[in-house]
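The values are calculated or read from the model by the stated rules, or taken from the named source; none is laboratory data. Every value quoted in this text rests on a predicted model; they were computed, and no experiment measured them. Cβ placement follows ideal geometry from the backbone for every residue including glycine, while neighbour counts extend to all protein chains displayed.
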């Protein structure tokens, strides 16, 4: 499976941005956790997943996940 992403570093943390408007499989149970592993995956502190907008007049909807796969409350 190919997953496109952008990895960014700042203030001692690293973030991965996934543009996933068409592929919901990115949110399959355990996949983000496996990708977050530093030894076997991409490795990140948090992942920002961009999705299709949910409201008219917005460009994108996003969700933030920790390395363990849990979604961050906003």
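General observations
- Selection from segment 25-53 of residues that are over 18 Å from residue 72 (Cα atoms) and at pLDDT below 90: 25, 52, 53
- Scanning segment 1-26 for residues that are in contact (Cβ under 8 Å) with a residue 24 or more places away in the chain and outside any strand (DSSP E or B) turns up 1, 3, 5, 20, 21, 25.
- Per-region count, segment 63-74, residues part of a loop (DSSP other than H, G, I, E, B) and surrounded by 12 or more Cβ atoms within 10 Å (Cβ to Cβ): 2
- Close pairs from segment 32-56: first on the phi < 0 side of the Ramachandran plot and free of Cβ contacts under 8 Å to residues at least 24 places away in the same chain, partner part of a helix (DSSP H, G or I) and surrounded by 17 or more Cβ atoms within 10 Å (Cβ to Cβ), Cβ under 6 Å, at least 6 apart: 41/35
- Qualifying positions in segment 41-57 - assigned to a loop (DSSP other than H, G, I, E, B) and surrounded by 15 or more Cβ atoms within 10 Å (Cβ to Cβ): 41, 42, 44
- The one condition in (1) surrounded by 15 or more Cβ atoms within 10 Å (Cβ to Cβ); (2) over 12 Å from the mean Cα position of the chain (by Cα) that residue 60 fails to fulfil: (1)
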